[in-house]
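This report refers to the structure that appears directly beneath it.
Bear in mind these aren't lab numbers, they're just calculated from the coordinates by the rules spelled out. Here the structure is a predicted model, which is why all the values come from computation and not from measurement. When we count neighbours, we look across all protein chains shown, and the Cβ atoms used for this are built from the backbone with ideal geometry, even at glycine.
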Amino acid sequence: MDPEISAQFEETRRHVDVATEETRRHFEEATEETRRRFAVATEETRRHFEEATEETRRHFAVATEETRRQFEEATGDMRRHVNVATEETRRHFDVVAEGMRADVRLVAEGVSSLAERVDRVEHNLREEIRETRRDLTALLTASYTDLDRRVRRLETDR
């Protein structure tokens, strides 16, 4: 090969080798810079995630405590309401029961009074039946006596 071309080829090769080495060094530096930035970004993301996680935990703890407090308050309100309603129902039941007792007493008095009246009516009816029986017996006796007398007279008149 021609020495001049060979010298140019060699120079081009050195130039390519230098450029390749420079590109390789630049690529390694860029790669190292990217790794360093990625490590920093990763650490920053991890720290941010941990802070966000801790903030979320605190938020949930506060929300949980607030919910617990509201639930206990609502439970207390419900218990007070139930106690008031229970007392009101008990008073109402006592009033109704007392009214029913009074009604039962009135009915019992009415039944007792009615039983006394029935007893009096029964006694009066028995007396009337006895008097009617005596009157009928006396009437029948008189009628038979009169009939017997007539029949005897007829028999003797014949």
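Computed quantities for the displayed model
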quantity	calculated
Cβ pairs under 8 Å, 6+ apart, first in the stretch 82-106 and in contact (Cβ under 8 Å) with a residue 12 or more places away in the chain, second surrounded by 10 or more Cβ atoms within 10 Å (Cβ to Cβ) and assigned to a helix (DSSP H, G or I)	none
Test: His123 is part of a helix (DSSP H, G or I), surrounded by 10 or more Cβ atoms within 10 Å (Cβ to Cβ) and over 44 Å from the mean Cα position of the chain (by Cα)	yes
Residue match in the stretch 137-156 (condition: loosely packed, with under 10 Cβ neighbours inside 10 Å and among the hydrophobic types (A, V, I, L, M, F, W, C))	yes
